[in-house]
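Data block below; observations after.
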Amino acid sequence: MLNQRKYILDIVRDEGLEDCKECKTPFPQHVKLSTDRGEVMENAEAYRRLVGSEMVTIDLNGEPAVEEETIVNIPTSNPPAVGMSFNSGHEFSEFCHRYAYKEGFEMFVKSNVIRKEYKDKGVSKIGFGDLEARPHMMERIRLKCKKGGVKSSIGSNVTGCKMFVYGTQKDGEFIIISCDLKHNHPLSPDCSRMMVNYRCIDGPTFDRLMINERGGVSISRNFGTQLIEKGGFDNITFNKKDIRNAIAVERRKTMFEKGDAAGLEDYFKAQRELNGDFYSSIQRDGEGILKNAFWSDARSRGTCKYFGDVISFDTTFSSNRYRMPFAPFVGVNHHGKSTVFAAALISHEDTESFVWVFEEWLKCMGKPPKGILTDQDRAICSAIGKVFPVVPHRLCLWHMLQNASRNLGKLADWKSIDTLIRTAVQDMLDPDEFDEAWCLLMDRYNQRGKGWMQDSNDNRRQWAPAYNRGTFWAGMSSTQRSEGMNRYFKIHVDLECGLLQFIKNYEFCMKIKAQEEKEDNLKSLDTPPRLDVDKSVLAEYVFHKVYTNEMFAVVVNERKGLTHTNVTKLDALGSLVIYRADEKLTSPHWRKRFKSYNVTVDKVKGELSCSCQMFEFRGILCRHILKAMDVEDFQFIPEKYILDRWSKQVRSYETIRVSYFDPEESKRLAKAKELSQRHNYLKDLAMQNETAYKLYTEGTGVLRLKTEDAVGIRKTGDVGDVSICWWDPDARNVFGRRRLRPREYNERALRRTVVPPEEGVLKTPIDKRHVGR
């Protein structure tokens, strides 16, 4: 009966019964319209002649006449029964799974036999991709309830259910030859959408999920967005775990398409073709496996020319499935914010690897930095001594204080020791004062000649502020900028990332950073700082016109300090005047409430200096100098104290095109944006009334057929079958609509099919996700 209507229509055409006597419409259309209305047709005599004296009733839910390659609507109103026939094993399988979905249970393929013509092509039960066995390739299929079988473990949900449906190919049709529909367990039709067989992710939803994932949206928020968009749990066909699996599958595809390391190498090559100033270098081991990688795009290299005087280097972030630490070179831009000059992925945190990375930095940038800030890693320190022997190398102050707590925290007097250490580090800005305070501290607590305090005293020139205030460090005293950048990148990458996926996410992060800097530039040029400018203070009046808003805020903070800073003239040597600046602390201090600094001012030569050395260290005039300038009645600020580094002027690198400004990609996205805007406008109009809705559906139907012809495909039938959603032809394919974890993208399958790399092709490192440190 399933093919009855199609059979009748074919005979009617053969008999020449083209028009209906009553409505003069084409007979096949009249059959469909009459059955849709449920009316008794006036042409009953013709049907009696064709199929016998008994009136034929055509089931409204029967199989419609469809063209080739159309997804067929299998009826689900009746349960499987012996004798039912289908066009193929696919229709049989779909029918049974739809029945199971409606009743509230799941079925699986207990056994099947592949047809000979497909076996000859290499199709097998363990195949994948084009060689994976599918229902339409089967000669026999036996489907069984998932709760059938024998309980083999604790927690198993099998009940020994005997329910089954058995079909076989016979005379060109697929016929059910036996079945048993009785269950020995309760059914759950209300929970069918949560069962594994029926969970699925449609194409547009999947694309949205991947966009959100690239944007750093967590799995929970990603799922929440879909939940709101689709109108609740009843309308959603997947869960959080399904999203996580789908994203993992996409990452896996990226890694195994050509090989992760080879894909990274091709990416670098493509970026160099896009912009010749893109720099990259890859180091291999003796077996041709990726060992280290270094890269810097054209924009980052341009940024380094302006702000690469001081860099922070840290490797605390293992960024991918190979546990290759990510090592960015970070600096400070003219807004006082972190910027990345270059980055590296290294296989081992040893001296050899760091020497290679620093040598690549020299090749890329052409000159060493004026200062480099790192943690106490011995391998990094050794490599810097070899590659940058004359560059000032400073150790992270924050790590030093943490090490003090780690090494001395068990002492009974630790709280007192901690207070004295911080006082010596933060208050003693003169090297002699610091040495004296540190030695007294070691003697008082019996730490001289042993342990951490003695080791720190030996290398104090690399970390103590008293020894480093006289050198420009852009205000940096720790590797917090590198660690902050690492935390920023961690939002977008994790240990499941392959190399190519990581580099694309790195690109995305750099795009965000470039946009943030662009917005800051605009604010500094067009938006005045939201601070009260005291025009009576010369420095503030000058710097608010020259410096960016963020750096001017630092100047304002120093101006506010003038209210509790006094200067006293001590001596004068010609045009050189010496002052003592007494600063009253804004909060109580355990030792004294005033701090004094020596300020020297030479109005004729334009020389300014202070013992706090804030300008030398940060590039901003301190409150003590500002006070002395006010007393001396300066009419201008010497040019050398107005640093171009902090100015709001436009810099050449801001117009450089780099990888994340691919012109071809921009064109594609522009087209997609225009199409989306057109569709959204028409959609809003179509929702206004029924006439507009009907006009929209008819128009898009015609447009669909013409567009398919232009592209050269035909996914749907020409007859315009209303039972098929042409905009989502898989929408009614409940079972297997979009496999959440396709067999062809299973990691084991991908490893089996991956082509061994050719001679000279870069090999991928070992996956270390599940390996101990």
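The values are calculated or read from the model by the stated rules, or taken from the named source; none is laboratory data. Source: prediction; values computed, not measured. Glycine gets a Cβ as well: all are built from the backbone with ideal geometry, and neighbour counts include every protein chain shown. With ligands, DNA and RNA removed, areas are computed over all heavy atoms of the protein, side chains included. Shrake-Rupley method; radii C 1.70, N 1.55, O 1.52, S 1.80 Å.
Overview of values
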quantity	calculated
Accessible surface of the stretch 157-213 [probe 1.4 Å, protein heavy atoms]: carbon and sulfur percent	55 percent
Heavy-atom accessible surface of the stretch 262-405: percent carbon and sulfur, 1.4 Å	47 percent
Set of lysines with alpha-carbon distance to Lys450 below 17 Å, sequence-local pairs under 8 removed	Lys410
Cβ-defined net charge surrounding Thr563, 14 Å radius [Lys, Arg +1; Asp, Glu -1]	-2
When the stretch 476-625 is reduced to its Cα atoms, the Kirkwood hydrodynamic radius in Å	19.1 Å
Stretchable slack from Ile175 to Thr691, in nm (0.36 nm times residue separation minus alpha-carbon distance)	181.2 nm
Considering only the stretch 253-412, percent of DSSP beta bridges that pair antiparallel, nearest 5	80 percent
Restricting the stretch 568-655 to chymotrypsin sites (Phe, Trp or Tyr not before Pro) in coil, as DSSP defines it, with at most 11 other Cβ within 10 Å	Trp590, Phe636
Accessible surface, the stretch 359-509, averaged per residue in Å² (probe 1.4 Å)	47 Å²
Fraction of accessible area attributable to carbon and sulfur, the stretch 413-453 (%, probe 1.4 Å)	45 percent
Above-threshold pairs, the threshold being 29 Å between Cα atoms, out of Lys230/Lys694; Lys119/Lys146; Lys240/Lys518; Lys511/Lys667; Lys121/Lys504	Lys240/Lys518; Lys121/Lys504
Residues with amide H under 5 Å from that of Met84, placed H, sequence gap 5 or more	Ile176
The stretch 147-239 - accessible surface per residue (Å², probe 1.4 Å)	57 Å²
Set of lysines near Lys569 by C-alpha distance (under 27 Å), chain-local residues within fewer than 8 positions excluded	Lys535, Lys560, Lys584, Lys592, Lys595, Lys603, Lys605, Lys627, Lys640
